[in-house]
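Right, one structure below, let's go through it.
The values are calculated or read from the model by the stated rules, or taken from the named source; none is laboratory data. Treat the numbers as computed from the prediction; the structure is a model and nothing was measured. Here the Cβ positions follow ideal geometry from the backbone for every residue, glycine too, while neighbour counts run over all protein chains shown. Heads up: the accessible areas ignore ligands, DNA and RNA and are worked out on the full protein's heavy atoms, side chains in. Shrake-Rupley method; radii C 1.70, N 1.55, O 1.52, S 1.80 Å.
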Amino acid sequence: MMEKSERFNTNRPGLCSALHSKSQYVWSEPDPTVPRSNDGLFWCALTQTCIGPDGKVAEPGNCCSSDRDCQCGSSK
């Protein structure tokens, strides 16, 4: 079982470019005094849901593998 901190880590190499989270749409500098929410709200741009085209959950822990059928490449 993957640790929660690693499961939601958006700084993974090879992260799918179709994976989105609401933190991508916050246009401010990070404030080190405010703890990260790590709310885990992610979705796939291909399906517009939290499930990818291959039927698996869209989250960083799952969307960084070239072994996944729907992996559309790294852009992050």
Computed magnitude of the charge dipole of the chain (debye, nearest 20; Cβ of K, R +1, Cβ of D, E -1): 20 debye
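When Lys and Arg each count +1 and Asp and Glu each count -1, what net charge do the other residues less than 15 Å away from Cys70, Cβ to Cβ, add up to?
Every neighbour counted, the sum reads -2.
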Excluding ligands, DNA and RNA, the carbon-plus-sulfur percentage of the accessible area of the chain with a 1.4 Å probe reads 54 percent
Would you please state the base-10 log of I(q)/I(0) at q = 0.12, 0.14 1/Å for the chain, with intensities from the Debye formula using one equal scatterer on every alpha carbon? -0.33, -0.44
